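Shown next, in structure tokens, is the structure this report addresses.
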Amino acid sequence: MFAKAFRVKSNTAIKGSDRRKLRADVTAVFPTLGTDQVSELVPGKEELNIVKLYAHRGDAVTVYVSGGNPILFELEKNLYPTVYTLWSYPDLLPTFTTWPLVLEKLVGGADLMLPGLVVPPAGLPQVQKGDLCAIALVGNRAPVAIGVAAMSTAEMLTSGLKGRGFSVLHTYQDHLWRSGDKSSPPSIAPLALDPPDLSEEKGSVQADTTLQGDMRRLTLEGEEEEGEVQQRCGEKSLSEATEDPSVGGLNPDPTDSKTLQEQMDELLQRCFLHALKYRVKKADLPLLTSTLLGSHMFSCCPEGRQLDIKKSSYKKLSKFLQHMQQEQIIQVQELSKGVESIVAVDWKHPRITSFVIPEPSPTSQTIQEGSREQPYHPPDIKSLYCVPASMTLLFQESGHKKGSILEGSEVRTIVINYAKKNDLVDADNKNLVKLDPILCDCILEKGEQHTVMKLPWDSLLNRCLEKLQPAYQVTFPGQEPIVKKGKICPIDITLAQRASNKKVTVVRNLEAYGLDPCSVATILQQRCQASTTVTPAPGTKDILQVQIQGNQIHHLSRLLLEEYRLPRKHIQGLEKAPKPGKKK
């Protein structure tokens, strides 16, 4: 629900009567909390604010903020705790456990699928469909998400732990969490529970518990046994897990025994050698080091993984390239002040000649069910025309009325048929059309109605199209066409100067083309190695804008035109890209 930025409607201090009502609601919804705990959660005299907001899908949400952190939120008259509250009261809700690798998908807005659950020795908590539950990571009991159970525990086990398990409402690292102090989850040791007494359960539940034991032998990513994975990532505290590059987008190979930093070093060198051997040509030299990274190395990254130099041992591109220069693979020079370029490449170097693109392993391609993002395909955008009131007489004979949507070819056919049906084609010159009163009223300007008696076919048709109101149709792959009046807004790229005299690149209207601003921001952050933010566009209600530090239009150009294959006519501002060699 809070995977994308929300819009705040109001932020006011809570009244005394509302404070008392909130305490009563908390006591009723969470009966396990004692009186002192309720008073601690909803303090009597400390500042407490009510924030009313609209989530990105339009849901009206009321958030209660205490000490700068959101503690509760209300949706459709249901009260929910935030992760900040659950960290203080980890036993407030029944808690299910998943793997650290799954957290990134939950933050991105995905629901939790049952194959991602980890079944503890004591079995899964007993819940019913619709119950509110907490979700924690292996090795730490501090919840990182809350969701509503899509089925009962018995149904989960009967299904063989397949399908959607929980509709996720709120997660650690989502925008609701970001509205607080952005603190990391505490490290809370898992409970050491004894196995349940099966003699107290009904027969069907006994069978389900047996199935739980079988499910503990499920493998992660198709090969690793649960115990092996726990040894590597389950015993880490969550504070360590949040530094795991899987949360930041690395998605390392779970079968690799190397450290995450070592995996990133290998990925960095792989993308470097791949780029030099298969993408960079001699004619490209000298090549800006930033261009090597943004235009060549990132595109050589295997599917499902992201290159992040900051998570490697090199930390900076310049340090990595110095190392490659010491190996005599490349030669780097500062051709202009502060700007480094690759001026020479030894394509006969053994590391380049011996490099072969590794085949992806089946396990690295396995992804949690229902969480895989589909590759972006640009929409088909078609210009249409809407019949205004002033032209209804011309189109009513063909069965159309005010507001009818037509394609350009349909308009031409209707006008041609109208002229022929009413004997308006000039007998002496078939290229001319005589204008009757209806055509005069529809396409001529006021000063022309007594002077222009005939028009050539092409002029007649062009004038008719100009008088019609614009409309357009957008069709995304596998979806029904969407027809709207007006002109489609282009993706708008602008440069802005901030108070610190630094330039930032601002991108708007990505949503109109089926692009998620948050996803685009993440990609640009990695490729540009610059900070990005996603905020509501000024003067709009539901449009978000992406802001990237520096002039990053060349990266945007490559992403939108070459990778996303959007037509250039639907993008404005590409001409503001920095000139080669010019410092951004």
Restricting to lysines and to Cα separations under 21 Å from LYS430, and discarding same-chain partners fewer than 8 apart, the set is LYS420, LYS421, LYS454
The ³J(HN,Hα) series, computed from each phi in region 317-333 with the Karplus coefficients 6.51, -1.76 and 1.60 at θ = phi - 60°, rounded to the nearest Hz and given as x for glycine or proline, is 4, 4, 5, 5, 5, 4, 5, 5, 5, 5, 7, 6, 7, 9, 10, 10, 9
Within region 6-77, DSSP-loop GluC sites (Glu not before Pro) with at most 16 other C-beta atoms within 10 Å are GLU46, GLU47, GLU76
PRE zone check, label point 7 Å out along Cα-to-Cβ of LYS454, amide N under 19 Å, scope region 388-416, hits 416
Taking only C-alpha positions in region 260-354, Rg and Dmax in angstrom work out to 12.6, 37
Phi-derived 3J(HN,Hα) across region 182-188 with the Karplus relation (6.51, -1.76, 1.60, θ = phi - 60°), rounded Hz, x for Gly and Pro, is 6, 6, 8, x, x, 9, 10
Ordered by number, the GluC sites (Glu not before Pro) in region 396-493 that occupy a DSSP loop and have at most 15 other Cβ atoms within 10 Å are GLU407, GLU445
Share of accessible surface on carbon and sulfur in region 425-510, whole %, 1.4 Å probe and ligands ignored, is 51 percent
For the table LYS105/LYS382; LYS9/LYS45; LYS401/LYS484; LYS434/LYS487, the rows whose alpha-carbon distance is greater than 22 Å are LYS105/LYS382; LYS9/LYS45; LYS434/LYS487
Residue by residue through region 120-126, the couplings from Karplus 6.51 cos²θ - 1.76 cosθ + 1.60 with θ = phi - 60°, in Hz, x for Gly and Pro, are x, x, 7, x, 6, x, 8
For the ARG178, GLN326 Cβ pair and Förster radius 25 Å, calculated FRET efficiency rounded to 0.05 is 0.05
Residue separation between GLU410 and ASN49 times 0.36 nm, minus their alpha-carbon distance, gives in nm 124.2 nm
Partner lysines whose C-alpha sits under 21 Å from that of LYS129, ignoring same-chain residues fewer than 8 away, are LYS77, LYS162, LYS202
log10 I(q)/I(0) for region 478-584, Debye formula on C-alpha points only (no solvent), q = 0.15, 0.21, 0.24 Å⁻¹, two decimals, reads -0.64, -1.22, -1.56
Under a 1.4 Å probe, counting only protein heavy atoms, TRP177 has an accessible area in Å², nearest 10, of 30 Å²
Of all trypsin sites (Lys or Arg not before Pro) in region 414-447, the ones in DSSP coil with at most 15 other Cβ atoms within 10 Å are LYS430
For region 455-565, the dipole about the Cα centre with charges only on Cβ (Lys and Arg +1, Asp and Glu -1), to the nearest 20 debye, works out at 360 debye
Note: SER152 to SER383 extended length (0.36 nm per residue) minus current alpha-carbon separation gives 78.2 nm
The pairs in LYS402/LYS467; LYS281/LYS316; LYS277/LYS348 lying past 19 Å Cα-Cα in this model are LYS281/LYS316
The answer for HIS170, listing residues at least 5 apart or on another chain whose modeled amide H is closer than 5 Å to its amide H, is ILE146
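The values are calculated or read from the model by the stated rules, or taken from the named source; none is laboratory data. Just so it is clear, the model here is predicted, and its values are computed rather than measured. Quick reminder, even Gly has a Cβ in these numbers, built from the backbone with ideal geometry, and neighbours come from all protein chains shown. Accessible surface areas use protein heavy atoms only, side chains included; no ligands, DNA or RNA. Shrake-Rupley method; radii C 1.70, N 1.55, O 1.52, S 1.80 Å.
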